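Take a look at the structure set out below.
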Amino acid sequence: MASTDITSDRKGPDTAATGPVDGKPDDREPDDLAGLEAGLDALDAVQINRTPVREVLLRKVLPPVVAVALVLVVWELLVRAQVTETYKLPPPSAVWNSAREMWLAGTLLEVVWTSVSRGLFGFLLAVAIGTPLGLLVARVKLVRAAIGPILSGLQSLPSVAWVAPAVIWLGLNDQMMFAVILLGAVPSIANGLVSGVDQVPPLFLRAGRTLGATGLRGTWHIVLPAALPGYLAGLKQGWAFSWRSLMAAEIIASSPELGLGLGQLLENSRSNFDMPGIFLSILLILFVGIAIDLLIFSPLERWVLRSRGLLVKN
């Protein structure tokens, strides 16, 4: 009897501590786990709210339109105030008439496309060369020690310096244009990728090696996605160098055999003392640079930020 009483006394507290209360099942632990999982999911989730069209127009479209309108107003006021001679500062209407004449003649879009096609093709070549070069410099210490300083020096060298030797080496043709673009853009793209790879946390690389992502597989699945922000910045800078290099080449190496691009249009207007044509060329060069940034690089930047949870609204 004594042993039976002792056994029942030992089981009583354990049953009371772990058993149901008042005969009801204890469902508090599943509820707590579900709440914890929901909270973690809420932390990981990125709330993406579509911005209304009206707000987009007010925040993104209206400010640059107002800025352009103010520039035109100030420009017209300076002309009317006669701060300088008209042949030095033509009115906006004269520039508009010059653009209208080229449009009616069917040459405006042709001139723009000649330069844009050259610039985009040269930029794609620079990406194809600069990307593996940047990976090689970033991942191989001996290559970085040998080529890294040269890339930095080439990036700081004005691309216009390459026009003269390119003309002598290749002649007045499109190959000369592409050579100048490559010499100006490849160092920027490669250095941008090197900077992005240097900022990849070592933990990512160790985790990739643990999962078997080594060699080219690790580069494709671990290094490049992690280095994407720096690489994208290098691409954006590479396009700027490509466009500036092309304009320098077209201005200096102007020839009828090359066709009429924006750089040639600017140089021809200068030779003819055509100030409306000069202003039109400058505005078209500026417009193309802004358009490429808005149509290509800005969406890419938003996609990268959104994929990393850094962009809440579009």
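Laid out as a table, the results:
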item: Segments 131-140, 93-102, 65-74 sorted - mean Cβ within 10 Å per residue, highest first; result: 131-140, 93-102, 65-74
item: Principal axis dimensions, the range 234-314 - Cα atoms, whole angstrom, descending; result: 54, 23, 15
item: For the range 56-143, the Rg and Dmax computed from alpha carbons only, in angstrom; result: 22.0, 63
item: Whole-percent carbon and sulfur share, accessible surface of the range 83-203, 1.4 Å; result: 71 percent
item: FRET efficiency estimate (nearest 0.05) - Cβ-Cβ, Ala128 to Arg54, R0 45 angstrom; result: 0.60
item: Accessible area, probe 1.4 Å, largest first, for residues Ser307, Ser117, Ser281; result: Ser307, Ser117, Ser281
item: Potential lengthening between Thr86 and Phe204 on full extension [0.36 nm per residue; Cα-Cα distance subtracted]; result: 36.3 nm
item: Span per principal axis, largest first, for the Cα atoms of the range 61-106 (Å); result: 34, 31, 11
item: Over the range 108-158: Kirkwood hydrodynamic radius from C-alpha pairwise inverse distances, Å; result: 12.9 Å
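The values are calculated or read from the model by the stated rules, or taken from the named source; none is laboratory data. All of these numbers come straight from a predicted model, not from anything done at the bench. Cβ sites come from the backbone with ideal geometry, for glycine too, and all protein chains shown count toward neighbours. The protein model used for the area step is the full one, side chains on, heavy atoms only, and it has no ligands, DNA or RNA in it. Shrake-Rupley method; radii C 1.70, N 1.55, O 1.52, S 1.80 Å.
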